[in-house]
Amino acid sequence: MMEWLQQLVNGVSLGSIYALIALGYTMVYGIIKLINFAHGDVFMLGAFIGFYAAIRWDIGFIPALILAMVICSIIGVIIERVAYKRLRGATRIAALITAIGVSLFIEYTVIFFRGAKPEAYPELLKESYIDLFGASISSKSVLIIAVTIVLMLLLQFIVHKTKIGKAMRAVSHDADAARLMGINVDNTISATFAIGSALAGAAGVIFGVYYTRIDPLMGVLPGLKAFIAAVLGGIGSIPGAAVGGYVLGVVETIVSAVGFSLWRDAAAFVILILILILRPAGIFGKNAREKV
Amino acid sequence: MLKVNNIDVFYGNIHALKGVSLEVNEGEIVTLIGANGAGKSTLLKTLSGLLKPKNGEITYQTKQIGGKQAQMIVKSGISHVPEGRRVFANMSVEENLELGAYLRKDREGIKKDLENVFELFPRLYERRKQQSGTLSGGEQQMLAMGRALMAKPKLLLLDEPSMGLAPLIVKQIFEIIKMVNSQGTTVLLVEQNANMALSIANRAYVIETGKIVLSGTAKELQESEKVKEAYLGGV
Ligand SMILES: Nc1ncnc2c1ncn2[C@@H]1O[C@H](COP(=O)(O)OP(=O)(O)O)[C@@H](O)[C@H]1O
Ligand SMILES: [Mg+2]
């Protein structure tokens with residue numbers, strides 16, 4: 001029982017990382033119908049920004065997190081303006097190939113400048129254990145889960161209560177109708193990239209703190225998993241991405257916990273295949289009212 | 001107020017508007033009638049900046065607006081209610097109306113206009129919290145019009161507001177168009193329902209396959225043999 005509670009907390013922590021990345025995938029898909037395969041690499045950049053900031057300036061977890069979010073949001077906007085903007089109206093396959101190109105470009109640019117060797121993440125958070133019903137829960141997990149929830153509430157607030165959030169929902173529903181309201185569609189798309197990339201950057205720092213090891217190709221697998229989480233939740237749906245992320249994190253952790261740790265990564269792909277066969281629209285797809 | 005001079009608009013190599021000229025004076029209701037595919041929506045989309053004319057001029061008040069960005073055109077006082085309503089189905093009625101006032105900063109004025117819209121369309125007030133995708137066609141048309149009015153336009157472009165609606169609702173919508181016009185908004189009304197449109201308009205143009213083929217006062221066109229035959233079903 002205690003063992004399970006502990007595993008559940010681990011699963012939710014992993015799920016937090018997937019969920020934060022999946023949110024960016026789903027928001028970008030919602031607004032321009034592009035599967036931004038470079039998104040996992042923005043997550044990696046976030047981890048490295050946090051890493052270098054922490055070792056250069058000896059800053060703590062929250063400042064590193066915020067710095068990574070700010071820089072990643074700028075990088076996200078640059079990626080969109082430089083690579084994707086000119087592809088509006090191009091075929092989806094052209095956009096997809098471009099996204100893969102951007103992904104490789106980011107990965108190998110980082111490798112070019114600093115090599116491929118992994119880094120040990122600095123201890124931004126003190127590890128201590130909290131006793132909960134006899135299970136010992138890592139304080140890191142608790143903080144990570146809390147930070148993720150705060151970020152999601154913030155996102156929910158932005159999307160539903162602010163002007164830019166309403167513009168994002170309007171554009172993702174009907175870009176021409178949004179134009180007729182006077183909404184600047186290009187800026188709204190940039191804002192979507194900025195927010196999605198900031199969340200990925202936050203996930204990068206959280207990943208570093210939690211798993212303590214980062215490398216330039218670290219974004220590939222979590223990026224893919226987060227994409228699966230977004231599809232699981234119903235691509236284009238914000239609550240779907242969050243739920244999909246948590247479900248995937250918990251399932252993977254359970255698969256490991258029952259002794260199939262070699263099958264952990266396969267679990268995600270089995271889920272993807274099942275969802276594509278059984279319910280291609282995802283959990284929140286089709287009858288979901290919220291699209292962004 | 002609005003002067004369109006000899007514009008050509010293309011979709012790729014489809015020549016959708018061929019040398020179209022038309023004029024709307026302040027305070028008028030002008031209607032543009034024509035069959036399906038004649039180019040009516042294309043003209044409105046060009047006026048509101050969704051499409052760019054290849055050549056010719058569009059002068060609004062004293063400004064050239066041909067080919068300008070949609071947000072600039074909204075800002076200068078032209079609102080477009082698109083064909084098929086295009087409400088934001090994923091948002092509440094209230095949120096749709098708020099988006100109509102997207103470029104405005106005058107909170108007081110927005111509040112007043114919201115009250116005015118609710119007065120024009122009491123149904124929208126009753127349903128203000130409802131997801132707009134669940135509204136009936138007539139209610140969605142009202143919402144689309146209310147949303148456009150929230151921008152406080154001087155010129156309102158309406159694209160087939162009667163489309164797919166029951167006659168009774170159409171009558172209501174046209175009453176409201178008249179009321180909006182009497183409150184000081186100039187109206188350019190695109191319709192296939194020529195009868196209704198001519199009954200409330202001051203002047204009218206007839207468009208066929210991308211060209212204006214007839215124009216005159218609404219009365220003249222109502223009496224024109226050609227219009228009677230082609231658009232009024234022999235009424
Ligand atoms: N997006 C488009 N791409 C290509 N052709 C179009 C497009 N929209 C309209 N057309 C063509 O332009 C012409 C005018 O269309 P439209 O302005 O929608 O007519 P109306 O509103 O009078 O029914 C039609 O021949 C139509 O097929
Ligand atoms: Mg039309």
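The values are calculated or read from the model by the stated rules, or taken from the named source; none is laboratory data. From a predicted model like this one, the values you see are computed outputs, not experimental measurements. Please note: Cβ atoms are built from the backbone with ideal geometry, for glycine as well, and neighbour counts cover all protein chains shown. Just so you know, the surface numbers come from the protein's heavy atoms only, side chains and all, with ligands and any DNA or RNA stripped out. Shrake-Rupley method; radii C 1.70, N 1.55, O 1.52, S 1.80 Å.
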- Query: Ignoring ligands, DNA and RNA, how much accessible area is buried between chains A and B, both sides summed, with a 1.4 Å probe, to the nearest 100 Å²?
  - Reply: 2000 Å²
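Hey, any idea what Rg/Rh is for chain B, computing Rh the Kirkwood way over Cα pairs? Write down the numbers at each step before the final one.
On the way: Rg = 17.2 Å, Rh = 17.9 Å.
A ratio of 0.96.
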- Item | Hits among lysines - C-alpha to C-alpha of B:Lys178 under 19 Å, sequence gap 8 or more where chains match | B:Lys152, B:Lys154, B:Lys219
- Query: What's the tally of Lys pairs in chain A whose alpha-carbon atoms lie under 29 angstrom apart, where the two lysines are 8 or more places apart or on different chains?
  - Reply: 28
- If R0 = 35 Å, then A:Thr162 and A:Trp57, at their Cβ-Cβ distance, give a FRET efficiency to the nearest 0.05 of 0.65
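If r is the Cβ-Cβ distance from B:Gln130 to B:Ser76 and R0 is 41 Å, what FRET efficiency results, to the nearest 0.05? Please report the intermediate quantities before stating the final value.
Details: r = 32 Å, r/R0 = 0.79.
So, using R0 = 41 Å, E works out to roughly 0.80.
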- Task: Of the options A:Gly282, A:Ala230, A:Asn36, report the single residue whose Cα projects farthest towards the positive end of the charge dipole of the protein assembly as shown (beta-carbon charges: Lys, Arg +1; Asp, Glu -1).
- Result: A:Asn36
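Please calculate how many Å² of accessible area chain B carries per residue, with a 1.4 Å probe and no DNA, RNA or ligand atoms counted. Intermediate results must be reported in sequence, preceding the final value.
Numbers: 10440 Å² over 235 residues.
With all protein chains present, chain B gives 44 Å² per residue.
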- Taking Rh as the Kirkwood radius computed over C-alpha pairs, what is the Stokes-Einstein D of segment B:1-56 at 37 °C in a medium of viscosity 0.692 mPa s, expressed in µm² per second? 278 µm²/s
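Percent of alpha carbon pairs in the protein assembly as shown separated by more than 37 Å? Intermediate values should be presented prior to the final figure.
Numbers: 57411 of 138601 pairs.
For the protein assembly as shown, the fraction of Cα-Cα distances above 37 Å is 41 percent.
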- Query: GNM, chain A, Cα, under 10 Å: largest mean-square fluctuation among A:Val231, A:Val255, A:Val82?
  - Reply: A:Val82
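Classify segment A:63-174 as rounded, prolate or oblate from the Cα gyration tensor: take a ≥ b ≥ c as the square roots of its eigenvalues, call it rounded if a/c is under 1.5, otherwise prolate when a/b beats b/c and oblate if not.
Numbers: a/c = 2.69, a/b = 1.38, b/c = 1.95.
Oblate shape, in that a/c is at least 1.5 and b/c is the bigger or equal ratio.
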- Item | Contact order relative to length of segment A:43-174, as percent, for alpha carbon pairs under 8 angstrom and 6 or more apart | 16 percent
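Please compute the average number of Cβ atoms from other chains found within 10 Å of each residue's Cβ in peptide A:169-177. Each step should come with its number before you reach the end.
On the way: counts 5, 7, 1, 2, 7, 6, 1, 7, 12.
Mean shielding by partner chains, rounded to a whole number: 5.
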- Item | Separation of alpha-carbon centers, segment A:1-79 and segment B:176-198, rounded to whole Å | 53 Å
- Query: Taking the alpha-carbon centroid of each part, what is the distance from segment A:162-196 to segment B:127-157 in angstrom?
  - Reply: 19 Å
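Arrange the peptides B:221-229, A:237-245 so that the one whose residues have, on average, the most other Cβ atoms within 10 Å appears first.
Details: B:221-229: 15.0, A:237-245: 27.4.
Ranked from most to least packed, the peptides come out as A:237-245, B:221-229.
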- Average beta carbon contacts from partner chains per residue of B:139-151, 10 Å cutoff: 1
- Along Cα→Cβ, 7 Å out, is where each label goes; now give me the distance between the ones at B:Ser21 and A:Phe260 in nm to one decimal. 7.7 nm
- With an 8 Å cut-off on Cα pairs and a minimum separation of 6 or more residues, tell me the relative contact order of segment A:151-292 in percent. 22 percent
- Compare the Cα positions of A:Ser128, A:Met69, A:Met181 along the charge dipole of segment A:17-218 (+1 at Cβ of Lys, Arg; -1 at Cβ of Asp, Glu; about the Cα centre) and return the one farthest towards the positive end. A:Met181
- Message: Let's see if you can work this out: charge +1 on each Lys and Arg Cβ, -1 on each Asp and Glu Cβ, no other charges. What is the dipole magnitude of the protein assembly as shown about its Cα centre, in debye to the nearest 20?
- Response: 620 debye
- Item | Lys, Arg +1 and Asp, Glu -1 on Cβ, resulting dipole of segment B:2-231 about Cα centre, debye, nearest 20 | 600 debye
- Give, in nm to one decimal, the length gained when the segment between A:Leu153 and A:Thr109 is fully stretched (0.36 nm per residue of separation minus the Cα-Cα distance). 12.5 nm
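Tell me, what is the percent relative contact order of segment B:2-231, built from C-alpha pairs under 8 Å that lie six or more residues apart? Intermediate values should be presented prior to the final figure.
On the way: 438 pairs, mean separation 65.1, N = 230.
Contact order relative to length: 28 percent.
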- Query: What is the Cα coordinate range of segment A:17-218 on the first, second and third principal axes, sorted by size from largest, in whole angstrom?
  - Reply: 56, 41, 29
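Report, in deg cm²/dmol and to the nearest 500, the calculated mean residue ellipticity at 222 nm for the protein assembly as shown, where each DSSP H run with n ≥ 4 adds -39500 (n - 2.57) and the sum is divided by the residue count. Mind dumping the intermediate values first?
Values: 21 runs with 296 residues, N = 527.
Rounded to the nearest 500, it is -18000 deg cm²/dmol.
Over the whole of B:69-77, what's the average partner chain Cβ count within 10 Å per residue? Rounded to a whole number, please. Please report the intermediate quantities before stating the final value.
Values: counts 5, 9, 9, 1, 3, 5, 1, 0, 0.
Across the residues of B:69-77, the mean count of other-chain Cβ atoms within 10 Å is 4.
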- With Cα springs under 10 Å, the Gaussian network model of chain A assigns the largest mean-square fluctuation among A:Ile195, A:Ile49, A:Ile111 to A:Ile111
- Query: How much space per residue, in cubic angstrom, does the convex hull of the C-alpha atoms of segment A:1-67 take up?
  - Reply: 116 Å³
